[in-house]
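Nothing in this text is a laboratory measurement; each read-out follows from the coordinates by a stated rule. Bear in mind the structure is a predicted one, so any value in this text is a computation, not a measurement. Note that each Cβ is placed from the backbone with ideal geometry, even for glycine, and that neighbours are counted across all protein chains shown.
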Amino acid sequence: MADSSMAIVTGASRGIGRAVAVALGRAGFAVVVNYVRHAEAADDVVAQICQEGGRAVAVAASVADADQRRELLDRAQQAFGDLQVLVNNAGITSPGRLDILDATEHNWDIVFDTNLKGPFFLTQQAAHCMLNARRAGRLARGVIVNVSSISAFAVSTNRADYCLTKAALRMMTQLFAVRLADEGINVYEVCPGIVATDMTAPVKDKYDRLIADGLTPIRRWGQPEDVAAAVVSLARGDFPFSTGDCIHVDGGFHIQRL
């Protein structure tokens, strides 16, 4: 890996984002650990990457805010040069998990701003950065990875806004994949299933039972490191003749069975 290889991971202070950031650091990328509120946790991620011989910085920025998106990219490039990999991982669940008949516009806007609008326009800006670097001969290729969810196709009527944003990420992936294919930038979706994180901790008992009963062909919880392994493989360029693809990391949950 060249010294100039740099990756931004949004929502990287905890859970899947943390595992992705650490794995990218081990793979030789300089990592920008993006976070919003958990500064101490983000600093811990940076410390771990650096202790293992990598390079990393933490940058506070909400992807839901246009000015902060620009600041994130500016600070990333100031720290490590040209952007090679963007991992759109930041996301929030539906506030209050309201029944679809009680869903509010306020909550809708919060979820869509973070889970869809933010990644869309951050990807747009990141693509321009990659294109400029490629045209100047400084970057051989670019990679964008969108972290979605099985909620893109598995209905939860108390999380309509969350499900809709994750479903839209699939189309967003394909849109950017087609637009950027001629530009040497590949775009992918990684779709995690039931993964052991802070977000799923409150429903651990429920999913323990469901997994034991065969909800997923591979009968265990997914781990953040499972998702990170897929992201690193894509970031390394292991699939150069693929773009727009969805990589399921869900223990086989997506397979329809009788």
Exercise. How compact and how long is the range 19-99, expressed as Rg and Dmax of its alpha-carbon atoms in Å?
Worked result: 13.7, 47
Problem set entry | 10 Å-binned pair-distance histogram of the chain (Cα, whole percent) | 7, 32, 38, 19, 4, 0
Exercise. Dividing the alpha-carbon Rg of the range 1-58 by 2.2 N^0.38 Å yields what?
Worked result: 0.96
Exercise. Given H placed 1.01 Å from N in the peptide plane, which residues other than close sequence neighbours of residue 58 have an amide H under 5 Å from its amide H?
Worked result: 33
Exercise. What is the distance, in nm, between label points placed 7 Å from the Cα along the Cα-to-Cβ direction at residue 40 and at residue 209?
Worked result: 3.5
Problem set entry | Only Lys, Arg (+1) and Asp, Glu (-1) charged, at Cβ; the range 1-103 dipole about Cα centre in debye | 160
Exercise. Each residue of the range 160-172 in order: what ³J(HN,Hα) in whole Hz does its phi give by Karplus 6.51 cos²θ - 1.76 cosθ + 1.60, θ = phi - 60°, with x for Gly and Pro?
Worked result: 4, 4, 4, 4, 5, 5, 6, 5, 5, 4, 5, 5, 4
Exercise. Taking the range 102-143, which trypsin sites (Lys or Arg not before Pro) meet the DSSP loop condition and have no more than 15 other C-beta atoms within 10 Å?
Worked result: 138, 141
Seminar exercise, completed: Relative contact order as a percentage, the chain, C-alpha pairs under 8 Å and 6+ apart, gives 19
For this session: Return the loop-located trypsin sites (Lys or Arg not before Pro) in the range 30-89 (DSSP other than H, G, I, E, B) with at most 13 other Cβ atoms within 10 Å of their own Cβ; answer none if there are none.
Result: 37
Seminar exercise, completed: So for R0 = 51 Å, FRET eff. of residue 135-residue 93 from the Cβ-Cβ r, to 0.05, ends up at 0.85
Seminar exercise, completed: Per residue, the convex hull enclosing the alpha carbons of the range 179-255 has a volume in Å³ of 101
Exercise. For the modelled label position 7 Å from the Cα of residue 157 along Cα-to-Cβ, which residues of the range 82-124 have backbone nitrogen atoms closer than 20 Å?
Worked result: 94-105, 108
For this session: Taking the Cβ of each residue in 122, 131 as the centre, tally the other Cβ atoms inside 10 Å and list the residues starting with the fewest.
Result: 131, 122
Exercise. What's the angle, to the nearest 10 degrees (0 to 90), between helix 15-26's Cα axis and the longest principal axis of the chain?
Worked result: 30
Problem set entry | Cut-off under 5 Å, modelled amide H: who pairs with residue 248 long-range | 191
Exercise. What's the exposure ranking of 8, 185, 100, 247, going from fewest to most Cβ atoms within 10 Å?
Worked result: 100, 247, 185, 8
